[in-house]
1. What are the residues in segment 1-19 that are under 13 Å from the mean Cα position of the chain (by Cα) and under 18 Å from L64 (Cβ atoms), if any?
2. Return yes or no: is R50 among the basic types (K, R), modelled with pLDDT of 90 or more and under 16 Å from Q103 (Cα atoms)?
3. With surrounded by 14 or more Cβ atoms within 10 Å (Cβ to Cβ), of a type in the set (G, A, S) and closer than 12 Å to L10 by Cα as the only criterion, which of A36, A46 stands out?
4. Name the one entry in S108, S67 that is at pLDDT below 90 and of a type in the set (S, T, Y).
5. Take A80 and decide whether it is at pLDDT below 90, of a type in the set (A, V, I, L, M, F, W, C) and out of contact with any strand residue (DSSP E or B) (no Cβ under 9 Å at 6 or more places or on another chain).
6. Within segment 24-43, can you find the residues that are out of contact with any helix residue (DSSP H, G or I) (no Cβ under 9 Å at 6 or more places or on another chain) and either touching a residue at least 60 places away in the same chain (Cβ under 8 Å) or at negative phi (or both)?
7. Is it fair to say R8 is surrounded by 12 or more Cβ atoms within 10 Å (Cβ to Cβ), among the basic types (K, R) and at pLDDT 90 or above?
8. If you check A78 against the conditions, is it outside any loop (DSSP other than H, G, I, E, B), without any contact (Cβ under 8 Å) to a residue 60 or more places away in the chain and surrounded by 18 or more Cβ atoms within 10 Å (Cβ to Cβ)?
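The values are calculated or read from the model by the stated rules, or taken from the named source; none is laboratory data. Fair warning: this is a prediction, and the values are worked out from it, not measured in the lab. As a convention, Cβ positions derive from the backbone with ideal geometry for all residues, glycine included, and neighbour counts pool all protein chains shown.
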Amino acid sequence: MIGKHLCRELGVAAFVARHGGEEFACLFEDMDPADAIDRLDIAREALAARTLVNQTTGEGIGQLTFSAGVAAFYGNPASAMRTADEALYLAKRRGKNRVLQSQPGNRSDELDG
């Protein structure tokens, strides 16, 4: 459901792939990180506006949200994934349901506990 939502909302601007059990990677080619953040924020808000419905009873059962970390990629994919992951976990620690960009050399103590 989340993967389909991201593909629909981000369109051809992003390559979306499951990166782990509950994680997805969205790769934007030739896009400024601020623009990627804007697109992910729109997708995040659209998902949060939907209500999950029990298919049997028709009752609303809640909402889905997501957090995202954004990092610029300049030649080292492992480094980009690591810094995006750091931003993702910082977003979760700051209350979830948000998109944050990693900042070079800004490994926050918030990530360590």
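1. Hits for segment 1-19 are I2, G3, H5, L6, C7, E9, L10, V16, R18, H19.
2. Values: among the basic types (K, R): yes; modelled with pLDDT of 90 or more: yes; under 16 Å from Q103 (Cα atoms): no.
Against the criterion (among the basic types (K, R), modelled with pLDDT of 90 or more and under 16 Å from Q103 (Cα atoms)), R50 does not qualify.
3. On the way: A46 fails: surrounded by 14 or more Cβ atoms within 10 Å (Cβ to Cβ).
Exactly one of A36, A46 is surrounded by 14 or more Cβ atoms within 10 Å (Cβ to Cβ), of a type in the set (G, A, S) and closer than 12 Å to L10 by Cα, namely A36.
4. Working: S67 fails: at pLDDT below 90.
Only one candidate passes the filter, namely S108.
5. Values: at pLDDT below 90: yes; of a type in the set (A, V, I, L, M, F, W, C): yes; out of contact with any strand residue (DSSP E or B) (no Cβ under 9 Å at 6 or more places or on another chain): yes.
It is true that A80 is at pLDDT below 90, of a type in the set (A, V, I, L, M, F, W, C) and out of contact with any strand residue (DSSP E or B) (no Cβ under 9 Å at 6 or more places or on another chain).
6. Quick first cut of segment 24-43, residues out of contact with any helix residue (DSSP H, G or I) (no Cβ under 9 Å at 6 or more places or on another chain) only: 27, 30, 32-34, 37-38, 41.
Selection gives L27, D32, P33, A34, I37, D38, D41.
7. Numbers: surrounded by 12 or more Cβ atoms within 10 Å (Cβ to Cβ): no; among the basic types (K, R): yes; at pLDDT 90 or above: yes.
Judged against the criteria, R8 is not a match.
8. Details: outside any loop (DSSP other than H, G, I, E, B): yes; without any contact (Cβ under 8 Å) to a residue 60 or more places away in the chain: yes; surrounded by 18 or more Cβ atoms within 10 Å (Cβ to Cβ): no.
Answer is no for this residue.
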